[in-house]
Amino acid sequence: MKNGDIQNFRLSNSCSAGNGTFLVTKDTVAKWTELTVGTAAFRSLAAAQEGETVLALSDDGGLWSYDGARVQRTATLAGMRAVSVSPDGELAIAAGNGMMRSQDGGATWSPLAVDAGVTFDDVRLGEDGTAVAVGAGGAIANIDANGTVAIQHVGTAGLHTVHIADAEDADPVGFAAGDGGQIVVSHDGGHTWSLGAKLGSTVWGVDQIGDGHR
């Protein structure tokens, strides 16, 4: 990975993005092709599990789209730090200093009404159009299918990563984590949360093995 550290990896055909690099593979990761992105440093990458939409955010708020052949910058979403797409690729949510939502696979975006004093670091969009975002000061935002945002605070640690199991799972568990290794846990698909273990070192990523991965 000659041009920089890989910050995000996502299976689509398969895509990987990092500092000045965007890589794709179409043969189960045996061979990778690097696409031209200049000096873009990617901080978030999301791909539809059942569609063709692949979106990435660079650290200057640049929104990039991969169409199966090339990756190109299509918009600037100022202040956004994370992006997530629905399984079918039609709905997308970006979060950071505020939130934005797209209902056409990332082609156009509209801002959501949210407390401007909270910075979000990660967001997870569900199959039913609802989403959960996490951020500074233990902030956890629930976004309903209409785009209405409700924020709660669980503890005080800054949260950098979130994962919610698929809604049809018998135990729709969710995890968020961040500064100091603080883990927060949900057992109802991300609606209510409680403090969990504290691992001691800051956690930047969490996922689920098997079906339901990011």
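Could you identify which residue out of R43, R124, R70 has the top mean-square fluctuation in a GNM of the chain using Cα springs shorter than 10 Å? The residue with the greatest mean-square fluctuation here is R70. Scanning residues 5 or more positions from G178 or on other chains, those with amide H under 5 Å from its amide H are H160, V203, with H placed 1.01 Å from N in the peptide plane.
Rounded, prolate or oblate for the range 124-179? Axes are the square roots of the Cα gyration tensor eigenvalues, ordered a ≥ b ≥ c, and the cut-off for rounded is a/c under 1.5. Kindly include the intermediate steps, with their values, before the conclusion.
Values: a/c = 2.51, a/b = 1.37, b/c = 1.83.
Since a/c reaches 1.5 but b/c is at least a/b, the shape of the range 124-179 is classed as oblate.
Rounded to the nearest whole Hz, the Karplus-based 3J(HN,Hα) values (6.51 cos²θ - 1.76 cosθ + 1.60, θ = phi - 60°) of the range 148-154 follow the sequence 7, 10, 10, 10, 10, 10, 10, with x at glycine and proline. Between A131, A92, A40, find the one with the highest GNM mean-square fluctuation for the chain; connect C-alpha pairs within less than 10 Å. Comparing A131, A92, A40 in a Gaussian network model of the chain, the most mobile one is A40.
Explain nothing, just the number: relative contact order of the chain, from Cα pairs under 8 Å at least 6 residues apart, as a whole percent. Walk me through the numbers on the way to the answer.
Details: 610 pairs, mean separation 20.5, N = 214.
Value for the chain: 10 percent.
For the range 84-214, the carbon plus sulfur part of the accessible surface works out to 52%, probe radius 1.4 Å.
Dividing the Cα convex hull volume of the range 29-70 by residue count, how many Å³ per residue is that? Walk me through the intermediate numbers first.
Numbers: hull volume 3.8 nm³, N = 42.
Expressed per residue, the convex hull around the Cα atoms of the range 29-70 is 91 Å³.
If you count only protein heavy atoms with a 1.4 Å probe, what accessible area per residue comes out for the chain, rounded to a whole Å²? So the chain comes to 47 Å² accessible per residue, rounded to a whole number. From most to least packed by mean Cβ count within 10 Å, the peptides 201-209, 188-196 give 188-196, 201-209. Along the range 185-194 the Karplus relation, 6.51 cos²θ - 1.76 cosθ + 1.60 evaluated at θ = phi - 60°, assigns HN-Hα couplings of 10, 10, 10, 9, x, x, 7, 10, 9, 9 Hz to successive residues, with x for each Gly and Pro. Taking springs between alpha-carbon atoms closer than 10 angstrom, which of A82, A69, A141 fluctuates most in the Gaussian network model of the chain? Among A82, A69, A141, the largest GNM mean-square fluctuation belongs to A69. Our coupling estimate for the range 78-87, obtained by passing each phi through the Karplus curve with A = 6.51, B = -1.76, C = 1.60 and θ = phi - 60°, is 4, x, 7, 10, 8, 9, 9, 10, 6, x Hz, Gly and Pro reported as x.
The values are calculated or read from the model by the stated rules, or taken from the named source; none is laboratory data. Quick caveat, the model's predicted, so the values are computed rather than measured. Cβ coordinates were reconstructed from backbone atoms using ideal geometry, including for glycine residues, and neighbour counts include every protein chain displayed. Quick note on the areas: whole protein, heavy atoms, side chains included, nothing else; ligands and nucleic acids left out. Shrake-Rupley method; radii C 1.70, N 1.55, O 1.52, S 1.80 Å.
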